[in-house]
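Worksheet: the structure to be examined is printed underneath.
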Amino acid sequence: MAVQKGAEKWKTKQWFDVYAPKAISTEVIGSIPAADEKSVTGRIMKVSLNWITHNPNHAFATVGLKITNANGSVANTEVDYLAQQYSYLHSLVKRRADAVYTYDIVKDKEGNQITLKLLVTTRIKIAQRLKSAIRMAVHTFVVEYVSRMTREDFLKALVSNDLQSEATKKFGAIAPVAKVEIRKVEF
């Protein structure tokens, strides 16, 4: 009986256990096959944040984990991006309320560039000048907040909702803010 070429290739592959970044968790999040250690490095795994943290509040967040290195049968990762699902963000904007979208590129304590996209929802309709004031306040807040943290500390603040809760309190003086939520963070 003839053996297919693809079957032979598949049998030669080895499995690598993929670990989450230490800032989020230290558990194995999955296994992936590869021919060797070099072919694993650079891959990006898309995983639900809920899968890693076991927190139901993170059910709508998706994390892109980039494999940085592989050693033996272990593959270590770092966060490439963190994004919320559009359906979840869309459900936050209620009738007779407004949404303010922001886009900021900031640097952390170590000088790494971080792209941060936020959604600020209000309880009522607000004037355009208040939306502009919120965008400016978000920019100054984010630059100050991120610049005093390392990448790992910033990631912990995102996962524990410290950034979002502090921002909600801060922007409440400008307009009645219902919620500040992360749309996407790219590292």
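Return the equivalent ellipsoid semi-axes of the stretch 103-186 as a descending list in whole Å, where each equals the square root of 5 times an eigenvalue of the C-alpha gyration tensor.
Details: eigenvalues 106, 33, 20 Å².
Those come to 23, 13, 10 Å.
Taking amide H atoms as placed 1.01 Å from N in the peptide plane, the amide H of Lys179 lies under 5 Å from those of Thr121, each 5 or more residues away in sequence or on another chain. Under 14 Å from a label point set 7 Å out along the Cα-to-Cβ vector of Lys156, no amide N atom of the stretch 85-126 is found. Compared with the dominant Cα axis of the chain, that is its longest principal axis, helix 162-171 is turned about 20°. Eigenvalues of the alpha-carbon gyration tensor of the chain, scaled by 5 and square-rooted, set the equivalent ellipsoid semi-axes at 40, 18, 13 angstrom, largest first.
Since every read-out is calculated from the coordinates, none of them should be taken as a lab result. For clarity, every value in this text was computed on a predicted model and none was experimentally measured. Ideal geometry is used to build each Cβ from the backbone, glycine not excepted, and the neighbour counts take in all protein chains shown.
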